[in-house]
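A short worksheet on the structure shown next.
The values are calculated or read from the model by the stated rules, or taken from the named source; none is laboratory data. These numbers were taken from a predicted model, which means no experiment stands behind them. Cβ sites come from the backbone with ideal geometry, for glycine too, and all protein chains shown count toward neighbours.
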Amino acid sequence: MIQAVGLDEAQTWALSAAFVALVIAVVISLILSWRARAASAGVVEARVRESRTQLEQQLTQHAHENAAQVAQLQSTADAYGREVAQMGGNLQDLAARADRSESNIRLASTQIILLQAVSKATKARIHLTEQNTGLAERDLTEAEAALQRALAVAPDALKPGIEESRRALDELKQSVEARTFPVAAVEILTDRIESLLASQPGG
């Protein structure tokens, strides 16, 4: 009976030792697993840090590139602005030249028409000297028509003098119709129209 109990205790100790060994093995396995997980987590964290660093570097590089592009675009826009301003100045200069050219053209056209009026008035004076009132009246009518055309194209500074000559010419026509033969008056009127040829706008 005592021997049987001894065998049971031995078995019990063996079982206890085996159980302890098993527990130790499990604990070691868990420790190794935790270490492996920790190592894996460290690798993941390192990779995350590396990825974040690369991303930050890329963002910084893109920011520098964008800043350079913005600066280049701004420089180009400034250059276009200067060109537009210069073109605006050139257009204003061309407009001023066009205005002067138009004024010169109007003055030249007016002088040509006034020459026609002088020519007709001179012919009228000759016809009046010859006492040919019909031809004189015709020439004075044509001279008045020329003065009317001159009024349409003349610079504003010359219009009052042209209008005054036109009214005087109209009075002369009435004198011719009344057969008073105002030769001297026609000569004076001719001289007045000729003086307009020498006039300058604003003078």
Just wondering, is there one or more residues in the range 71-89 that are of a type in the set (S, T, Y) and at pLDDT 70 or above? yes
Given (1) surrounded by 18 or more Cβ atoms within 10 Å (Cβ to Cβ); (2) closer than 26 Å to R100 by Cβ; (3) of a type in the set (S, T, Y), where does T190 come up short, assuming only one miss? (2)
Which members of the range 122-144 meet the condition of being more than 14 Å from L172 (Cβ to Cβ) and free of Cβ contacts under 8 Å to residues at least 40 places away in the same chain? I126, E130, N132, G134, L135
